[in-house]
Amino acid sequence: MTALGFLYPGHSAEDDYPRIEQLLGSDIRVDVVHTDIGEDAHRVDALRRMGAPERLAAGVESLRLSGAEAVVWACTSGSFVYGWEGAHEQVRGLARVAGMPASSTSFAFVHAAQEIGARRVAVGATYPDDVADLFAEFLRAGGVEVTGVRPSGIVTAAEVGTWGEREVFALAQSADHPDAEAVLLPDTALHTAAYVAGLEKALGKPVLTANQVTVWEALRLTGRRVNSPALGELFTREPIVQA
């Protein structure tokens, strides 16, 4: 049994995690601890407060007691708003406090793009323009070319959590670009676990979504590989990229 730990801000699409656990169909346990979201706003200052060290540290003890072997900060915007170096410091601090390997959803996207060989990606973001642009900057800092960004201007995670299949497909299709080798949907508040395979079929290319890559990143940290076509091309490729 491999136990994976996740720090998830607030309550929006956390039900993606038990769904992914079921789709993995292996000896993988997914443990989710909710962190204090503070002000629910896709605004840089609010997002930086949401990802503050003390907020992440507050959930770590529960994960240690659960037997988690790695922890991932399951939030994209609450990591990339710190920039490339700041996000590295965030996960280094989390690893020190947790006493186990740590990462975040932002780094998961970079590693996942490397894993599937996607050098150029399109981004379909729920965020306002300025926050979406910061994610694109983060990807570029990680060596991933961004062909374009499609922001949606949504201010709160609570609203994102109400989106269903129709909205998710519309976002991915509007974001796609002929030169993009994959489409990225970077918000852990967005329900996507049930749609990845369908999205890839509709677009004809890999699709990376926040909760999908977050679980994959935790598996990568523990050295595990689980084949699950229902979770898209990312979960059917070899080998796992090492950090």
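Any read-out appearing in this document is the output of simple, stated calculations on the displayed coordinates, not a laboratory observation. Source: prediction; values computed, not measured. Glycine gets a Cβ as well: all are built from the backbone with ideal geometry, and neighbour counts include every protein chain shown.
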Give me TRP216, TRP73, TRP84 sorted ascending by neighbouring Cβ count inside 10 Å, so fewest comes first.
TRP84, TRP216, TRP73
Given charges at Cβ of Lys, Arg, Asp, Glu: region 2-236 dipole, positive-most of LEU190, VAL71, THR147:
VAL71
With a length cut of 24 Å (Cα positions projected on each helix's long axis) and a Kyte-Doolittle mean of at least 0.5, go through the chain and give me the DSSP H helices that pass.
none
For the chain, what is the relative contact order in percent, using Cα pairs closer than 8 Å and at least 6 residues apart in sequence?
23
I need HIS191, HIS88 ordered by Cβ neighbour count within 10 Å, fewest first.
HIS88, HIS191
Residue exposure sequence - ASP176, ASP27, ASP133 - by fewest surrounding Cβ within 10 Å
ASP27, ASP133, ASP176
Quick one: grab the alpha carbon gyration tensor of the chain, order the square roots of its eigenvalues as a ≥ b ≥ c, and give me rounded if a/c is under 1.5, else prolate or oblate depending on whether a/b is larger than b/c.
rounded
What residues have an amide H closer than 5 Å to that of HIS34, excluding those fewer than 5 places away on the same chain, when H is modeled at 1.01 Å from N in the peptide plane?
TYR8
